[in-house]
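What follows is one structure encoded as structure tokens, with my remarks underneath.
The values are calculated or read from the model by the stated rules, or taken from the named source; none is laboratory data. If you're wondering where the values come from, they're calculated on a predicted model, not measured in any experiment. Note that we place each Cβ from the backbone using ideal geometry, even for glycine, and neighbour counts take in every protein chain shown.
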Amino acid sequence: MALTPTLAPGPQTADAGRSARGRRGRVKTPPHRRDNRTAYLMIAPMVILLGIFVMWPLVYSVYLSTYEINFYRGSTFVGLQFYRYVLESPDFWHSIVVGLYYSALTVPAMIIIALLLASFIKTLSRRAAAFMKTTVYLPTVVSTVVASVLFVLIYQDEGVANWLLSLISFGPVNWLNDPQLALPAIAVPGIWLGFGLTTLILLAALLDIPESYYEQAALDGAGFFARLWYVTLPLLKNVLLYLFVTGFTLAIQMIDLPLIMTNGGPSEATNTPNLYIFNTFRDVTPYATSYSLTASLLLFVVIGAISAVVFRLVRSDKAIDG
Amino acid sequence: MTPRLFQRTASAVLVVLITVSVLFPLAWMAIAGFKGRNEVLRSPFQFFPDMWRFDNYVDIARDPEFTRAMGVTFAGALIFTALSLVVNSLAAYAFARLEFRGKRFWWVYCVMPMFIPMMAILLTSFMVVTKLGMLNTMAVLIIPGVASGAQMFFIRQFYLGFPVAVEEAAMIDGASRWQIFLKLFLPQSAAPFVVMGIASYLAFWNAYVWPILTITDPNLTQIMQFLGTFRSARGNDWGMLMAGSTLASLPTILLLLVFQRFIVNGVRISGIK
């Protein structure tokens, strides 16, 4: 569950078509060619582990969300009561807004930076490109905790950020204590941590575009921006949408950065959905457990709904074949 | 200056600029580790210390809590990585090559967890591991995350691309499925194993929320847990905190530098297009 899904292949994987064909072709496999026993033994460890630590907790979450858990009096069935509480809670909706705002601050910026960087790296020589790829990826392996601690220091009154501002005779600004500035300030390490992988994925996609397209466009007199707009972007559409969806689902679930940097403050300005749920779970009031479980399930629904809409948009419009 | 020379100079300048701005926070972190207690946040700002002192690095490297956290996390990460590669590649092979009853169902079952947000099951997972008596053990850090739909999917994609001919020849020679997996597939799995192994290792090394929920035993404190609570536990000794953060980032950075080309290629194998 701790694994980042970012390396997971998208829906358009190269082999998807082949495997689907293979499956259909093999439906009529004669029984003696089947390997039921071996196959079950091979998938057993995975199936059992997922069952205990993913599937059961999910079912249990849904079940518990319909009960009021009280450690003193036992639990009572309350139906969908908690769903109403959560949906009527302004704090829950506020956290969703914070999560959406955080996603809006990070995801587009990350993708634009990554696209520019990837286009630039593509023009470099082999060795320079290898060097840049490593450089760009380096922040990605730094932990969110280290980045949080580091940026807390950068944002102190005497920190680097205020020193840079003072160069243009501005500031000092109280970054993490200003409700207006705190979330954008947290978005900066968020982008810094995430743009590396995005750049590498976009670079891989860029390298797949045949050079002849650009030559043709150049012959037709297209400049850098015209080529970007008419050749690169249309061909990258699927990758970009994939990056938007995965970027969004990761961004709206951000918890480590605000947990360490601000713990949701000032005045709840950085209380992202997961942080809100996490903190209600640690709350001692008797309703807290069911309440936070319900909130986490509703967040799942919100994320799922938004991703489904975006994926539908991708599917409805076939890619231009490169 | 010829246009070509101009272009090359401009590229070189850009490379330097980007490198400096991307790596600035990391460089500043490493250098702040050499500063005295009150020097890290001093006005006016200074990038380099007045005097390079090694006390912070030496002190933190001698601090038994820090070294224990590093050691425990490192050992856990190695076991976690090995276990997850075994479990996920076995399932990946079965899904790539074997035909069995209910394959479709189990496929969806194994891949679906990729789409379940961590928070939706975090709280009940916590209850489950509590019931199983796993709190404050290494097992609670390692076992729950071992099976990974994303990792299995990735390795399966790779196995699908293996030629079937060699395998059929081995079958005719009487090799079992297990032998084929062990003798034909595993030896050729270096590329996906490195990519996914690094992902597993990083996920374990950088984990924060799960450890602070499940580990209270100081003997098992994880490295990120140590750093994340450093400020409340020891006050604002920024220089030492930066030295500790730098040391804690070193293993992952080294790992990246060693396996750098696999990561770049791995992004391509995964076929995101």
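Quick notes on this structure:
- Meets criteria (of a type in the set (Ser, Thr, Tyr), over 30 Å from A:Tyr276 (Cα atoms) and surrounded by 20 or more Cβ atoms within 10 Å (Cβ to Cβ)) for A:Tyr155: no
- Subset of segment A:60-88 (residues that are within 14 Å of chain B (Cβ to nearest Cβ) and exposed (fewer than 13 other Cβ atoms within 10 Å of the Cβ)): A:Tyr63, A:Phe71
Conditions tested, residue by residue: (1) modelled with pLDDT under 85; (2) among the hydrophobic types (A, V, I, L, M, F, W, C); (3) touching a Pro at 6+ places or on another chain (Cβ under 7 Å); (4) buried (at least 22 other Cβ atoms within 10 Å of the Cβ).
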{"position": "A:Thr262", "(1), (2), (3), (4)": "no, no, no, yes"}
{"position": "A:Pro266", "(1), (2), (3), (4)": "no, no, yes, no"}
{"position": "A:Thr272", "(1), (2), (3), (4)": "no, no, yes, yes"}
{"position": "A:Tyr276", "(1), (2), (3), (4)": "no, no, no, yes"}
{"position": "A:Asn279", "(1), (2), (3), (4)": "no, no, no, no"}
{"position": "A:Thr294", "(1), (2), (3), (4)": "no, no, no, yes"}
{"position": "A:Ala305", "(1), (2), (3), (4)": "no, yes, no, no"}
{"position": "A:Ser316", "(1), (2), (3), (4)": "yes, no, no, no"}
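- Filter result (of a type in the set (A, V, I, L, M, F, W, C) and free of Cβ contacts under 8 Å to residues at least 40 places away in the same chain) within segment A:124-145: A:Leu124, A:Ala128, A:Ala129, A:Ala130, A:Phe131, A:Met132, A:Val141
- Per this entry, B:Ser176 is not counted among residues that are small (Gly, Ala, Ser) and crowded, with 18+ Cβ neighbours inside 10 Å.
- Qualifying residue in segment B:12-24 (condition: over 30 Å from B:Ser245 (Cβ atoms) and either within 14 Å of another protein chain (Cβ to nearest Cβ) or hydroxyl-bearing (Ser, Thr, Tyr) (or both)): yes
- Selection within segment A:223-270 - polar (S, T, N, Q) and without any contact (Cβ under 8 Å) to a residue 40 or more places away in the chain: A:Asn263
- Residue satisfying condition, being of a type in the set (S, T, N, Q) and at positive phi, within set A:Ser148, A:Ser169, A:Ser125, A:Ser119: A:Ser169
- Some residue of segment B:259-266 being modelled with pLDDT of 85 or more and at the interface with chain A (Cβ under 7 Å from one of its Cβ atoms): no
- Residues in segment B:1-35 that are in a loop (DSSP other than H, G, I, E, B) and modelled with pLDDT of 80 or more were compared, and the one that is farthest from the chain's Cα centre (by Cα) is B:Lys35.
- Near pairs, Cβ below 6 angstrom, 6+ apart or cross-chain, from segment B:91-102 (touching a residue at least 60 places away in the same chain (Cβ under 8 Å)) to any residue that is in a loop (DSSP other than H, G, I, E, B): B:Leu98/A:Asp35
- Qualifying positions in segment A:205-236 - surrounded by 14 or more Cβ atoms within 10 Å (Cβ to Cβ), in a loop (DSSP other than H, G, I, E, B) and over 30 Å from the mean Cα position of the chain (by Cα): A:Ala222
- Contact map, segment A:41-52: first residue under 19 Å from B:Leu122 (Cα atoms) and facing chain B (nearest Cβ under 7 Å), second residue surrounded by 17 or more Cβ atoms within 10 Å (Cβ to Cβ) and hydroxyl-bearing (Ser, Thr, Tyr), Cβ cut-off under 6 Å, separation 6 or more or different chains; the map is empty.
- Selected residue (criterion: nearest to A:Asp91 (Cα to Cα)) from residues of segment A:262-312 that are among the aromatic types (Phe, Trp, Tyr) and assigned to a helix (DSSP H, G or I): A:Tyr276
- Hits in segment B:204-221 (condition: in a loop (DSSP other than H, G, I, E, B) and either more than 10 Å from chain A (Cβ to nearest Cβ) or surrounded by fewer than 21 Cβ atoms within 10 Å (Cβ to Cβ) (or both)): B:Ile215, B:Thr216, B:Asp217, B:Thr221
- Only residues that are within 9 Å of chain B (Cβ to nearest Cβ) and not in a helix (DSSP H, G or I) were counted across segment A:237-257, and they come to 2.
- Summed over segment A:206-228, residues that are within 15 Å of A:Leu116 (Cβ to Cβ) and modelled with pLDDT of 85 or more total 1.
- Selection from segment B:105-143 of residues that are under 25 Å from B:Gln222 (Cα atoms), of a type outside the set (A, V, I, L, M) and touching a residue at least 40 places away in the same chain (Cβ under 8 Å): B:Phe126, B:Asn136, B:Thr137
- Whichever residue in segment B:51-79 is of a type in the set (Phe, Trp, Tyr) and crowded, with 17+ Cβ neighbours inside 10 Å and, among such residues, is farthest from B:Ala248 (Cα to Cα): B:Tyr57
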